[in-house]
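Here is the structure we will look at, set down as structure tokens.
The values are calculated or read from the model by the stated rules, or taken from the named source; none is laboratory data. Since the model is a prediction, treat every value here as computed from it, not as a measurement. For neighbour counting, all protein chains shown are included, and Cβ atoms are generated from backbone atoms with ideal geometry for every residue, glycine included. These accessible areas exclude ligands, DNA and RNA; they are computed on the full protein's heavy atoms, side chains included. Shrake-Rupley method; radii C 1.70, N 1.55, O 1.52, S 1.80 Å.
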Amino acid sequence: MIRVCSFFFNVVFFALHPVCAQQSFQTYLNDWTSNEDLKNASISFTAVDIEKNTVYAQFDKDRSLIPASSLKIITTGTSIALLGKDFNFKTKIGYTGNIENGQLRGDLHIIGGGDPSLGSPYMKNVPSLDSFSNIIIQQLKKNDIDEISGDLFIDESYFSTQSVPMDWQWGDLGNHYGAGVFGFNIHDNLYALFFQQNQTMGNKPAIKYLRPEIPYLQFVNEVKNDHKYSGDNAYIYCAPKSELAYIRGTIPIGSKTFKIKGSIPDPARFYGLYLKDKFKKNNISFQGKIKIERTKTDISKVQFLLTNSSPSLVEICKHINEDSRNMYCEVLVKSLAKRIHDDPDTEKGIQSIIDFWTDRGIDPKGFFMRDGSGLSARNGITSASFANILRKMYVDKKSFGNFYDYLAIAGKTGTLSNFGKKTAIDGNIRAKSGSLNRVRSFSGYVTNADKKMLSFSIIVNNYTCKGSVMKKKLEKLLVALAESKS
């Protein structure tokens, strides 16, 4: 009798153990959401057992919330599936006319292909702004061109004139994270502006210099000094194609130079002036005009000198997800629209993404996309949809490749390099974080204590604590998820 009862107890215990463990994390999750700092917040959490395709734990999983930059996962994954992992962007340089006695008797043409990585200061394995320009100079020299009699045409017709999504806020547009998308992009459409700090609170720090220089861009400096530990609270207000930028906010007092980052409002015009200066420094005579083309170049008349190819789409998507590049994501949305609808319109690209996932069984209710990067505060998605999308990306290697490997690693790489160090998620979580004002999110993959792979999404809107405090709360939640048992 004792043996029978013992056997019965063991059977019951081991049968119920996975549920008990799951309920244990569910209890932790429920307690976590009842924190005072989350009293006024909206929270959505879902974790899915990838192998079983079942919900592992959830809290208000069908609540649609603003995901911020986590949305990049959906944009990059869909782009890999629809454009192909080996897709790349091409920028072509050529000329019309003919070459005689060292003179190009015609025009030089740069035909943009939307490449977001061209001349990037951050992405690996691409020529820098200066190196790319030197490649052009070398090709001119190789073809015995030391004088250009005509004009420099930069064709930016690859994409439409709508360079930023319609719902982006005015306060974002002049800053590096609000850079627009053009048919010709260069240097991440990014510049650095340096202030000379001083020690007087409330004083105005002087603008010292710009790198790279943008000769046509003028600044109205309304920045003031704040206390030593106040950080970067200066914002640039500048519309695409504008020649005037307002800078407002504060930087810390000090005695050094202080850098903020802005978005180049007209990359084609900037690069035309940059290249003209390179011509002068390399003894190539050029007295013509810089002309920005909105009409597609007739390539049948162009003799090409070189074609610059971007890294593969997989490399670009990995860079996007690790370092959270907004402009790159918006390029992908337009590229999807161009491929599927032959019209590089942001809204058509977004609809292509939603249609793609609807066809794969994701409920479109509560799935609202207004851009590809997550900068818009009008985006919305449920954690259930997000976690299930992640699961589908993980299991469908044919469409998405090893998408797990294209995300930042907690405690190791990218924007997660300082997240979860020396905890159960260090090196264990692959994810994308997201943050806006009163918005924090994490979405990705984690292996739990029973070696089960889970896809998860946690989105929190309208918490009342500081963002840094909220981040620590999320870290504790995800550590508990990693330490839980199935």
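Condition (residue is in contact (Cβ under 8 Å) with a residue 60 or more places away in the chain and closer than 30 Å to Ser255 by Cβ) applied to the range 143-150: is it met by at least one residue?
no
Residues that are among the small types (Gly, Ala, Ser), out of contact with any Pro (no Cβ under 9 Å at 6 or more places or on another chain) and part of a helix (DSSP H, G or I): does the range 454-468 have at least one?
Checked the range 454-468: at least one residue is among the small types (Gly, Ala, Ser), out of contact with any Pro (no Cβ under 9 Å at 6 or more places or on another chain) and part of a helix (DSSP H, G or I).
At least 3 residues that are open to solvent by less than 20 Å² (accessible area, probe 1.4 Å) in each: list the strands (runs of 3 or more DSSP E) lying fully within the range 221-329 that qualify.
Counting at least 3 such residues, we get 244-252, 257-263.
How about the range 221-248: which of its residues are farther than 13 Å from Ser263 by Cβ, in contact (Cβ under 8 Å) with a residue 24 or more places away in the chain and of a type in the set (Phe, Trp, Tyr)?
The answer is Tyr246, and nothing else.
To keep it simple, each residue is scored yes or no on (1) among the small types (Gly, Ala, Ser); (2) more than 22 Å from the chain's Cα centre (by Cα); (3) over 29 Å from His319 (Cβ atoms); (4) surrounded by fewer than 16 Cβ atoms within 10 Å (Cβ to Cβ).
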residue: Thr423; (1), (2), (3), (4): no, yes, no, no
residue: Leu436; (1), (2), (3), (4): no, no, no, no
residue: Lys451; (1), (2), (3), (4): no, yes, yes, yes
residue: Val479; (1), (2), (3), (4): no, yes, no, no
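If you check every pair at least six apart or on different chains, which have Cβ atoms under 9 Å apart with a residue in the range 316-338 that is on the phi > 0 side of the Ramachandran plot first and a residue that is outside any helix (DSSP H, G or I) second?
Taking only residues 6 or more apart or on different chains, the pairs are Ser324/Ser373; Ser324/Gly374; Ser324/Ala408; Ser324/Lys432; Ser324/Ser433; Ser324/Gly434.
Looking at Asp172, Asp86, which is the one that is open to solvent by 10 Å² or more (accessible area, probe 1.4 Å), under 23 Å from the mean Cα position of the chain (by Cα), closer than 23 Å to Ala337 by Cα and charged (D, E, K, R)?
Asp86
Can you name the residue in the range 341-384 that is more than 23 Å from the chain's Cα centre (by Cα) and of a type in the set (Lys, Arg) and is also least open to solvent (accessible area, probe 1.4 Å) among such residues?
The extreme case among them is Arg360.
Mind checking whether some residue in the range 180-194 is more than 30 Å from Thr346 (Cβ to Cβ) and assigned to a loop (DSSP other than H, G, I, E, B)?
No, there is no match, as no residue in the range 180-194 is more than 30 Å from Thr346 (Cβ to Cβ) and assigned to a loop (DSSP other than H, G, I, E, B).
For Ile186, indicate whether it is surrounded by fewer than 21 Cβ atoms within 10 Å (Cβ to Cβ) and either without any contact (Cβ under 8 Å) to a residue 60 or more places away in the chain or β-branched (Val, Ile, Thr) (or both).
no
I'm trying to understand the selection: among the residues of the range 105-127, which are in contact with a Gly (Cβ under 6 Å, 6 or more places away or on another chain) and outside any loop (DSSP other than H, G, I, E, B)?
Answer for the range 105-127, where residues must be in contact with a Gly (Cβ under 6 Å, 6 or more places away or on another chain) and outside any loop (DSSP other than H, G, I, E, B): Arg105, Gly106, Asp107, His109.
Take the range 65-92 and flag every residue that is under 14 Å from Ser443 (Cα atoms) and in a loop (DSSP other than H, G, I, E, B).
Across the range 65-92, the qualifying residues are Ile66, Pro67.
Return the residue satisfying two criteria in turn: it lies in the range 126-161 and is among the charged types (D, E, K, R) and under 23 Å from Gly106 (Cα atoms), and of such residues it is surrounded by the most Cβ atoms within 10 Å (Cβ to Cβ).
Asp155
Regarding the range 95-113, can at least one residue be identified that is in contact with a His (Cβ under 6 Å, 6 or more places away or on another chain) and within 19 Å of Asn308 (Cβ to Cβ)?
No, that holds for no residue.
In the list Tyr28, Tyr95, Tyr56, which residue meets the criterion of being under 30 Å from Tyr463 (Cα atoms), assigned to a strand (DSSP E or B) and either of a type outside the set (A, V, I, L, M, F, W, C) or modelled with pLDDT under 95 (or both)?
Matching residue, one of Tyr28, Tyr95, Tyr56: Tyr56.
Tally time: how many residues in the range 195-217 are surrounded by 21 or more Cβ atoms within 10 Å (Cβ to Cβ) and part of a strand (DSSP E or B)?
1
Can you pull out the residues in the range 36-60 that are among the acidic types (Asp, Glu) and closer than 18 Å to Gln26 by Cβ?
Matches in the range 36-60: Asp49, Asp60.
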